[in-house]
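Below: one structure, written as structure tokens.
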């Protein structure tokens with residue numbers, strides 16, 4: 001518990017007996033200012049056979065394309081022909097009807 005500070009001066013004369021009154025300390029209410037807790041976002045989560053990327057930890061803008069995000073991911077290379085390569089498979093920009101089932105990474 002904290003108390004408000006208190007100070008008072010007394011002038012004591014030699015040979016005189018004076019009684020100092022009791023000092024009453026008043027509790028101070030301690031109120032903290034707003035506290036901001038900042039934590040780093042974990043960009044990659046490795047599971048048994050899956051690598052999960054948290055896109056919130058990468059810088060992307062409203063006008064960015066998927067390519068702009070993929071270029072930032074470690075281990076993923078974006079080829080000039082717009083193929084996205086990441087271990088162990090490759091996916092391209094063909095529509096689902098042209099390419100068949102979607103590959104799983």
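Observations, loosely collected:
- Residues (touching a helix residue (DSSP H, G or I) at 6+ places or on another chain (Cβ under 9 Å) and in a strand (DSSP E or B)) located in region 25-46: 44
So that you can scan it fast, the table gives a plain yes or no per residue for (1) exposed (fewer than 10 other Cβ atoms within 10 Å of the Cβ); (2) touching a strand residue (DSSP E or B) at 6+ places or on another chain (Cβ under 6 Å); (3) over 30 Å from residue 75 (Cβ atoms):
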| position | (1), (2), (3) |
| --- | --- |
| 4 | yes, no, yes |
| 7 | yes, no, yes |
| 13 | yes, no, yes |
| 17 | yes, no, yes |
| 34 | yes, no, yes |
| 40 | yes, no, no |
| 45 | no, yes, no |
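Laboratory data are not the source of any read-out in this text; all were calculated from the coordinates shown. Just so it is clear, the structure is predicted and the values come from calculations on it, not from any experiment. FYI the Cβ positions are ideal-geometry reconstructions off the backbone, even for glycines, and counts take in every protein chain you see.
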